Every structure is written in C-alpha cells, then in structure tokens.
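This report concerns only the one structure given below.
The numbers here are math on the coordinates, done by the rules we state, and not lab data. Quantities reported herein were computed from a predicted structural model and do not represent experimental measurements. Here the Cβ is made from the backbone with ideal geometry for all residues, glycine too, and neighbour counts use every protein chain on show.
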Amino acid sequence: ETGVTQSPTHLIKTRGQQVTLRCSSQSGHNTVSWYQQALGQGPQFIFQYYREEENGRGNFPPRFSGLQFPNYSSELNVNALELDDSALYLCASSQNLDKSLFFGSGTQLSVL
Amino acid sequence: SQQGEEDPQALSIQEGENATMNCSYKTSINNLQWYRQNSGRGLVHLILIRSNEREKHSGRLRVTLDTSKKSSSLLITASRAADTASYFCATEDTGGYQKVTFGTGTKLQVIP
C-alpha cells in the first residue's frame with residue numbers, strides 16, 4: 001500500500017505567477033482534501049474532491065482551483081500568486097468519505 | 001477560520017511524565033480527531049472519537065470528549081523524547097460533507 005505523495009517538496013515563485021501542486025492519493029482512496037498551513041498555524045481547509053467532483057470548499061478565493069483525475073490523484077492550482085500564499089500546502093486522502101485523513105509531506109511554497 | 005483552540009499553546013515536560021492537551025470547538029460535530037505533526041511536515045492521524053463516545057484509548061493515548069462543553073482532551077502517558085511534536089485537534093462538522101477543520105495546535109517538547 002503506497003502512501004500519499006506530493007510534488008514538488010519545495011517551490012519558489014514570484015508574485016503574480018501561477019503554480020500547480022500535485023498529489024497522489026493513498027491506494028484505494030477516492031477522496032482528496034487540500035489544506036494550507038501558514039507558519040505556526042493549524043491547517044486551513046481549501047477544498048475537497050470526491051470521485052472527481054469538488055465536494056466542498058473553504059474560505060479561499062476562486063484563484064485557488066483544483067482537479068481530481070480518474071486515478072484519484074489531484075492538482076491544486078493557484079493563479080496570481082500573492083505574498084500571503086507562502087505556506088505549506090498539504091494534501092490528504094481518505095476512503096469513501098471515511099473520517100481519517102492520510103497526509104502527504106506537503107509542498108513548501110515561497111512567494112517572493 | 002480555525003474551529004478548535006488547543007490549550008496550552010506550548011508544553012514542556014520531562015521524559016516519563018504525562019502530557020495533557022485540551023481542545024475546545026464551536027459547532028456540532030460528527031467526530032473529533034487528534035493528529036501529530038513533526039517539524040512542520042505531514043500530519044499523522046492518532047485517534048478518532050465519535051460524538052456519541054466519551055473516552056477512547058490507543059496505546060499510550062487517552063482521549064476524552066465532552067460534547068456538552070464542546071471540549072476534548074488528549075493524554076499521552078509515560079512520554080518519550082520521540083513524542084516531541086505539534087498536536088492538533090480536528091473536528092468533522094455535521095454539515096453535508098467531510099470537512100475536517102483543525103485547531104491551532106499544542107507544541108509539545110519532551111526533554112530526555
């Protein structure tokens with residue numbers, strides 16, 4: 001059973017650019033949730049995908065968008081990057097809306 | 001926004017002592033979960049307690065839930081240096097989908 005993997009691990013972008021972060025779910029999991037974690041804070045819910053459909057969204061602007069693919073892997077896209085977007089982005093998968101989340105190691109995004 | 005607030009924000013104890021962390025939340029929940037995070041990377045699921053349960057054990061962990069007070073506690077017994085990490089409570093709301101909302105975290109340091 002493979003775990004949740006995220007790529008890249010680190011990324012540096014400049015303000016105004018666009019970024020795509022990738023996540024491979026744990027084997028057998030069909031639900032993916034994305035979180036943003038600022039330094040010293042708890043993770044903030046961005047959105048969730050279940051069977052390729054967005055299933056819920058947190059308080060993030062539309063420039064944060066996502067996709068889930070037939071193999072249940074997922075992408076997080078952020079357009080028009082702002083300095084405050086600098087954070088650790090975490091992907092978590094779960095099975096059939098089961099309750100426990102399995103997290104990847106995250107992508108550390110720095111916006112300069 | 002953060003659903004839960006952990007207390008204390010930081011805790012430093014000697015190896016072998018017990019560590020207690022508390023969590024308060026605001027809305028009705030389906031379940032409450034505790035996660036551990038080492039060095040700002042991915043979170044690891046520790047334990048889940050459902051809203052109709054009052055206490056749950058897993059190894060050296062004991063979790064209690066008081067839905068009337070909207071609070072939970074995590075007790076780690078006989079702590080080890082390897083328990084040094086940040087601990088987060090997370091709640092699944094009773095809304096329509098599996099939105100898991102995290103608290104602000106307790107930073108635990110176990111001194112050898």
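The phi torsions of the range A:83-89, fed into the Karplus equation with coefficients 6.51, -1.76 and 1.60 and a -60° offset, translate into couplings of 4, 5, 6, 4, 5, 8, 9 Hz, rounded to whole numbers, with Gly and Pro shown as x.
On average, how many beta carbons from a partner chain sit within 10 Å of the beta carbon of a residue in A:100-111?
Working: counts 8, 11, 4, 7, 3, 4, 5, 0, 2, 0, 0, 0.
Taking the mean over all residues of the peptide, I get 4.
Between the C-alpha center of the range B:46-71 and that of the range A:55-70 there is a gap of 31 Å. Classification of the range B:35-96 by its C-alpha gyration tensor yields an oblate form. The axis ratio a/c (a ≥ b ≥ c) is 1.5 or more, and b/c is at least a/b. Taking all C-alpha pairs of the range A:48-112, those more than 19 Å from each other amount to 36 percent.
Taking the highest mean first, how do the peptides A:69-77, B:18-26, B:56-64 order by number of other beta carbon atoms within 10 angstrom per residue? Display every interim value, and only then the final one.
Working: A:69-77: 16.4, B:18-26: 18.4, B:56-64: 14.9.
Highest mean packing first, the order is B:18-26, A:69-77, B:56-64.
Taking 0.36 nm per residue of sequence separation and removing the Cα-Cα distance, the B:Thr27/B:Gln9 pair yields an extension gain of 4.4 nm. Counting Lys and Arg as +1 and Asp and Glu as -1 over every other residue whose Cβ lies under 14 Å from the Cβ of A:His10, the net charge comes to +3.
Within straight-line reach of B:Lys70, meaning a Cα separation under 19 Å, sit the following aspartates and glutamates at least 8 residues removed in sequence or on another chain: B:Glu5, B:Glu6, B:Asp7, B:Glu53, B:Glu55, B:Glu92, B:Asp93. When each of the peptides A:11-20, B:71-80, A:83-92 is scored by the mean number of other C-beta atoms lying within 10 Å of its residues, the order from highest to lowest reads A:83-92, B:71-80, A:11-20. Taking only alpha carbon atoms, chain B gives an Rg to Rh ratio of 0.96, where Rh is the Kirkwood radius. FRET efficiency for the B:Ala82 to B:Arg54 pair, using the beta carbon distance and R₀ = 25 Å, is estimated at 0.30. Once the gyration tensor of the Cα atoms in the protein assembly as shown is diagonalised, the equivalent ellipsoid follows with semi-axes of 29, 20, 16 Å, ordered largest first. Here the dipole of the protein assembly as shown is about 80 debye; that uses its Cα centre as origin and unit charges on the Cβ of Lys and Arg (positive) and Asp and Glu (negative). Arranged from fewest to most other beta-carbon atoms within 10 Å of their beta carbon, B:Val110, B:Val44 become B:Val44, B:Val110.
A simple count of charges around A:Val19, restricted to other residues whose Cβ falls under 11 Å of its Cβ and scoring Lys, Arg +1 and Asp, Glu -1, yields +1.
Take every residue in peptide A:27-33, count the Cβ atoms of other chains within 10 Å of its Cβ, and give the average of those counts. Write out the running numbers ahead of the final one.
Values: counts 0, 0, 0, 0, 2, 0, 4.
Counting Cβ atoms of other protein chains within 10 Å of each residue's Cβ and averaging gives 1.
Per residue of peptide A:44-54, the mean number of Cβ atoms on other chains within 10 Å of the residue Cβ is 2.
Using the Cα gyration tensor of chain A, with a ≥ b ≥ c the square roots of its eigenvalues, what is the shape: rounded (a/c below 1.5), prolate (a/b larger than b/c) or oblate (neither)? Present the calculation step by step, with values, prior to reporting the outcome.
Values: a/c = 1.77, a/b = 1.62, b/c = 1.09.
Since a/c reaches 1.5 and a/b is larger than b/c, the shape of chain A is classed as prolate.
How would A:Ser33, B:Ser12 line up from fewest to most surrounding beta-carbon atoms within 10 angstrom?
Numbers: A:Ser33 28, B:Ser12 12.
Exposure proxy ranking, most exposed first: B:Ser12, A:Ser33.
Put in order of Cβ neighbour count within 10 Å, fewest first, the listed residues B:Arg54, B:Arg36 become B:Arg54, B:Arg36. In order along the range B:68-83, the phi-based Karplus estimate (6.51 cos²θ - 1.76 cosθ + 1.60, θ = phi - 60°) of 3J(HN,Hα) comes to 5, 9, 6, 8, 9, 9, 10, 10, 10, 8, 6, 4, 10, 4, 5, 7 Hz; Gly and Pro are listed as x.
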